[in-house]
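Enquirer: I have a structure here, written as structure tokens, and I will follow up with some questions on it.
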Amino acid sequence: MALWDRLKESATTMQGQLVAKKNDLKSGAFRDASMAMCALVAAADGTVDASERQRVASLIATNEVLRNFPADDLHARFTDYCQKLAADFDFGKVSLLQTIGKVQKKPTEARAVIQIGIVIGGADGDFDKEEQAIVREACFAVGIAPSEFDL
């Protein structure tokens, strides 16, 4: 099976797992960690380019699990996190990984945040090395072995 096919299958499977746990994913920490993950994936190459930001924002708006939260609230948080990364990528990245780390003690939320990163990263058909590296770092932030997600 080609890498692209495995990636599509994996993202579809993960989205299904997220939807199945939708009712368990309503905390503010999960909301914040998810938006931090989305911003990190959008800026994985070290820059926050407008088209990537727009693509991720539209994916956030259509993600069934994230519909637990008001769209305006998600957009504001995502935009704020992207601005932190644009202002100082390295410092912003540390701050956002700390935000992601706040769900570490809730395994369902921690796994869901990682899955959202993979779904968002693979949505354009190219889960590139920079995106994989960011999601791998997020795995460490929540105490999950990246190998659990084939990273």
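Enquirer: Select from region 125-140 the residues that are under 13 Å from ALA42 (Cα atoms) and assigned to a loop (DSSP other than H, G, I, E, B) and write down the one among them that is least open to solvent (accessible area, probe 1.4 Å).
Expert: If we take residues in region 125-140 being under 13 Å from ALA42 (Cα atoms) and assigned to a loop (DSSP other than H, G, I, E, B), then PHE127 is least open to solvent (accessible area, probe 1.4 Å).
Enquirer: Hand me the list of helices (runs of 4 or more DSSP H) wholly inside region 62-124 holding 3 or more residues that are among the acidic types (Asp, Glu) and without any contact (Cβ under 8 Å) to a residue 60 or more places away in the chain.
Expert: Of the helices (runs of 4 or more DSSP H) lying wholly inside region 62-124, those with at least 3 residues that are among the acidic types (Asp, Glu) and without any contact (Cβ under 8 Å) to a residue 60 or more places away in the chain span 71-87.
Enquirer: Output the residue which, of all residues in region 78-107 that are open to solvent by 70 Å² or more (accessible area, probe 1.4 Å) and among the basic types (Lys, Arg), is nearest to the chain's Cα centre (by Cα).
Expert: So, considering only residues that are open to solvent by 70 Å² or more (accessible area, probe 1.4 Å) and among the basic types (Lys, Arg), the one nearest to the chain's Cα centre (by Cα) is LYS102.
The values are calculated or read from the model by the stated rules, or taken from the named source; none is laboratory data. A quick note: this is a predicted structure, and the numbers were derived from the prediction, not measured. Cβ sites come from the backbone with ideal geometry, for glycine too, and all protein chains shown count toward neighbours. The area values use the complete protein model at the heavy-atom level, side chains included, leaving out ligands, DNA and RNA. Shrake-Rupley method; radii C 1.70, N 1.55, O 1.52, S 1.80 Å.
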